[in-house]
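The block underneath contains the structure these notes are about, expressed in structure tokens.
The values are calculated or read from the model by the stated rules, or taken from the named source; none is laboratory data. Since the structure is predicted, the reported quantities are computational estimates derived from the model, not experimental observations. Glycine also receives a Cβ, built like all others from the backbone with ideal geometry; neighbour counts cover every protein chain displayed. Just so you know, the surface numbers come from the protein's heavy atoms only, side chains and all, with ligands and any DNA or RNA stripped out. Shrake-Rupley method; radii C 1.70, N 1.55, O 1.52, S 1.80 Å.
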Amino acid sequence: MSGALRKLACVTVLAFDDGSAADHPRDSAADAFLADAQRYRRELLTHCYRMTGSLHDAEDLVQETYLRAWKSYAGFQGKSSVRTWLYRIATNTCLTALDGRKRRPLPSGLGTPASDPTGDIAEHHEITWLEPLPDAPREDPADPSVIAESRESVRLAFVAALQHLAPRQRAVLVLREVLQWKAAEVGEAVGVSTAAVNSLLQRARAQLDEVHPSPDDQPAPPDSAETAALLAKYIAAFESYDMDELVKLFTADAVWEMPPFDGWYQGPRNIVTLSKTHCPAEKAGDMRFLNTTANGQPAAALYMFNPETGRHEAFQLHVMDVRLGGIAHVVAFKEVGLFAKFGLPEGL
């Protein structure tokens, strides 16, 4: 690895060496540019996550974005802002990565009817499921990265709906609707005409309306008193194994799903029946929770008691859609590898 690249890796927390660094020597200006560009890392991660539906893939694509930017810095002419230039690189990096890939769904997006809560359940790891996104630390709301990462644009339902769009449609809709770019800017970023951008956007909106109809009521903010109170009741009901209390917390048409299981369940009684039938917990104290947030939504990390080890171990990450009438949707991700991504312990 060249000295310049080693310096770059230290400054940007990038550890890469593709063997080409010696052919692309960079001076201190390029290093300083990329060090300064780190301010956009979080919003670029969010952008790549919207495009792919995967936190793991998004992290890799941001790394690739910075590597490409570092290599091509000499050709950056300053006709746009550094932020816009990085978004162009990130968008095209995502489009390349998505070529030929299947979308990442949630179980409710597979096109199957709601499941019988007393029926058999099976994990399907051959499906590349949608993943949740840890929320960023609270920042100055005037910061562009906070604006770009508004809660609505990263909510699970919205990101899941984006997965139904072709990658280029997805890119156009995100750049136009979320980032508020002009059509000409979007066309330049994705390599199509302004007319093509407008056509892609129209089709993307129509398809999005089919798979993601807007609910009548707005979601409750994850940091509101109402959400905190409902979340506390939710946790208390599970930890005390009070299923009768749990029924009261869901809306009438609430949905529960838990990838990598491919079933989804609707209605409070069916959700509770599912828990009674298939949850390994049998009594009060078997489950413990830690509060967190994900995708701009309230979340709770579930730890299940393991009698063999005598401790509560990471089990599921519950990401909730809370409405004024109660909990409308829970996605319980059974992927313990997510706990470290969220800064959560593996056991209690």
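Cβ-Cβ distance below 7 Å, separation of 6 or more or different chains: which pairs start in region 219-237 with a residue that is of a type in the set (A, V, I, L, M, F, W, C) and end on one that is surrounded by fewer than 14 Cβ atoms within 10 Å (Cβ to Cβ) and part of a helix (DSSP H, G or I)?
Close Cβ pairs (under 7 Å, with a partner that is surrounded by fewer than 14 Cβ atoms within 10 Å (Cβ to Cβ) and part of a helix (DSSP H, G or I)) amount to Ala220/Glu226.
When you go through Arg104, Arg88 one by one, which is the residue that is at pLDDT 90 or above, surrounded by 19 or more Cβ atoms within 10 Å (Cβ to Cβ) and not in a helix (DSSP H, G or I)? Steps first, answer last, please.
Working: Arg88 fails: not in a helix (DSSP H, G or I).
Residue meeting the stated conditions: Arg104.
Does any residue of region 339-348 turn out to be farther than 28 Å from Leu110 by Cα, touching a residue at least 24 places away in the same chain (Cβ under 8 Å) and open to solvent by less than 20 Å² (accessible area, probe 1.4 Å)?
yes
Which condition number in (1) in contact (Cβ under 8 Å) with a residue 60 or more places away in the chain; (2) among the β-branched types (Val, Ile, Thr); (3) open to solvent by 10 Å² or more (accessible area, probe 1.4 Å) is the one that Val331 fails?
(3)
I'd like to check something: does region 188-203 contain any residue that is within 19 Å of Gln297 (Cβ to Cβ) and outside any helix (DSSP H, G or I)? Working first, answer last.
To start, the set of residues in region 188-203 that are within 19 Å of Gln297 (Cβ to Cβ) comprises none.
Within region 188-203 (the criterion being within 19 Å of Gln297 (Cβ to Cβ) and outside any helix (DSSP H, G or I)), the answer is no, since none of the residues qualifies.
For region 170-185, name all the residues that are closer than 23 Å to Arg151 by Cβ, of a type outside the set (Phe, Trp, Tyr) and either part of a helix (DSSP H, G or I) or over 18 Å from the mean Cα position of the chain (by Cα) (or both). Reasoning before the result, please.
Restricting attention to region 170-185, the residues satisfying the condition of being closer than 23 Å to Arg151 by Cβ are 170-181.
Then keep just the ones that are of a type outside the set (Phe, Trp, Tyr); that gives 170-180.
Selection gives Arg170, Ala171, Val172, Leu173, Val174, Leu175, Arg176, Glu177, Val178, Gln180.
Return a yes/no flag: does region 274-287 have any residue that is under 30 Å from Glu43 (Cα atoms) and not small (Gly, Ala, Ser). Walk me through how you get there before you give the answer.
Of all residues in region 274-287, those under 30 Å from Glu43 (Cα atoms) come to none.
Taking every residue of region 274-287 in turn, none turns out to be under 30 Å from Glu43 (Cα atoms) and not small (Gly, Ala, Ser).
Checking Gly325 against (1) more than 16 Å from the chain's Cα centre (by Cα); (2) open to solvent by less than 10 Å² (accessible area, probe 1.4 Å), only one condition comes out false. Which one?
Every listed condition holds for Gly325 apart from (2).
Cβ-Cβ below 8 Å, separation at least six or inter-chain, first residue in region 107-120 and farther than 12 Å from Phe261 by Cβ, second surrounded by fewer than 20 Cβ atoms within 10 Å (Cβ to Cβ) and basic (Lys, Arg): which pairs?
none
List the residue pairs whose Cβ atoms are under 6 Å apart, where the first residue sits in region 60-75 and is touching a residue at least 60 places away in the same chain (Cβ under 8 Å), the second is part of a helix (DSSP H, G or I), and the two are 6 or more positions apart or on different chains.
Taking only residues 6 or more apart or on different chains, the pairs are Trp70/Leu34.
When only residues in region 310-322 that are touching a strand residue (DSSP E or B) at 6+ places or on another chain (Cβ under 8 Å) and not hydrophobic (A, V, I, L, M, F, W, C) count, which is surrounded by the fewest Cβ atoms within 10 Å (Cβ to Cβ)?
By that ranking, first place goes to Arg311.
Residues to consider are Arg26, Arg83; find the one that is open to solvent by less than 70 Å² (accessible area, probe 1.4 Å), modelled with pLDDT under 95, farther than 20 Å from Ala294 by Cα and within 22 Å of the chain's Cα centre (by Cα). First the steps, then the outcome.
Details: Arg26 fails: within 22 Å of the chain's Cα centre (by Cα).
Just one listed residue meets the conditions, Arg83.
What number goes with the only condition from (1) among the small types (Gly, Ala, Ser); (2) open to solvent by 70 Å² or more (accessible area, probe 1.4 Å); (3) in contact with a Gly (Cβ under 7 Å, 6 or more places away or on another chain) that Ser193 does not pass?
So Ser193 meets the others, but not (2).
Is it true that Thr112 is open to solvent by 10 Å² or more (accessible area, probe 1.4 Å), of a type in the set (Ser, Thr, Tyr) and farther than 19 Å from Glu185 by Cα? Before you say what the answer is, go through the steps one by one.
Details: open to solvent by 10 Å² or more (accessible area, probe 1.4 Å): yes; of a type in the set (Ser, Thr, Tyr): yes; farther than 19 Å from Glu185 by Cα: yes.
Taking the combined requirement at face value, the residue satisfies it.
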